[in-house]
Amino acid sequence: MARYTGPRTRIARKFGEPIFGPDKNLERKNFPPGQHGMTKKRKKTSEYGVQLREKQKAKYTYGMLERQFRNTFEKASRSKGVTGEVLLQLLESRLDNVVFRMGIAPTRAGARQLVSHRHITVNGTVLNIPSCQIKPGDIIGVREKSKSLETIVDSLTSRKFTKLSWIEWDDTQMAGKFMNVPERTDIPENIKEQLIVELYSK
């Protein structure tokens with residue numbers, strides 16, 4: 001299963017944001033990576049460079065590689081609505097992202113692993129495809145045999161949960177409901193989706 005497995009802090013430092021979640025190393029070294037990260041005078045980034053950077057940030061944030069991200073963009077461009085907004089809505093509706101948003105895993109990478117290892121159910125059925133698109137009304141829960149799994153219990157008890165309007169969570173059942181596809185204003189990610197649209201439109 002294709003995914004980025006390289007150094008995460010280095011990528012976060014490149015964008016100057018904790019895109020993979022809280023990162024103590026990023027707080028300590030909040031400057032670009034490389035030998036001259038603190039001192040090198042950066043040239044003004046071109047328009048293409050700015051657009052490319054935004055696309056890369058979105059890719060790394062949602063844990064996708066180029067071909068999968070491109071396919072998602074093409075699906076968004078064929079859909080009704082504003083392409084950039086639809087793109088983010090499709091990314092937010094992925095099963096691994098929904099598991100992360102519910103707090104079952106502390107990071108998207110962790111959520112992807114839980115799904116791949118068959119710890120997550122959708123409408124009562126075990127599903128191990130992280131990229132599966134969740135629909136409004138779907139119930140995402142922890143498999144009965146996995147409810148005592150240390151990583152899941154730790155994540156649910158220690159999470160700093162931000163209540164999201166499109167997700168309803170039930171602690172007693174260890175399950176949540178995907179209420180609706182989120183509006184762009186409700187998605188907290190700092191991504192300028194219009195720049196991604198402009199990049200792919202060239």
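Every number here is computed from the coordinates shown, using simple stated rules; none is lab data. Note that the structure is predicted; figures quoted are calculated from it, not measured. Positions of Cβ are generated from backbone atoms using ideal geometry, with glycine treated the same way; all protein chains shown enter the neighbour counts.
Observations
- For segment 61-101, the helices (runs of 4 or more DSSP H) that sit wholly inside it and include 3 or more residues that are within 30 Å of D154 (Cα to Cα) are 83-92, 95-101.
- Scanning segment 108-148 for residues that are buried (at least 16 other Cβ atoms within 10 Å of the Cβ), of a type in the set (S, T, Y) and part of a loop (DSSP other than H, G, I, E, B) yields a single hit, S131.
- Candidate set: segment 157-184, residues that are within 14 Å of V142 (Cβ to Cβ) and out of contact with any strand residue (DSSP E or B) (no Cβ under 9 Å at 6 or more places or on another chain); chosen: the one surrounded by the most Cβ atoms within 10 Å (Cβ to Cβ): R159
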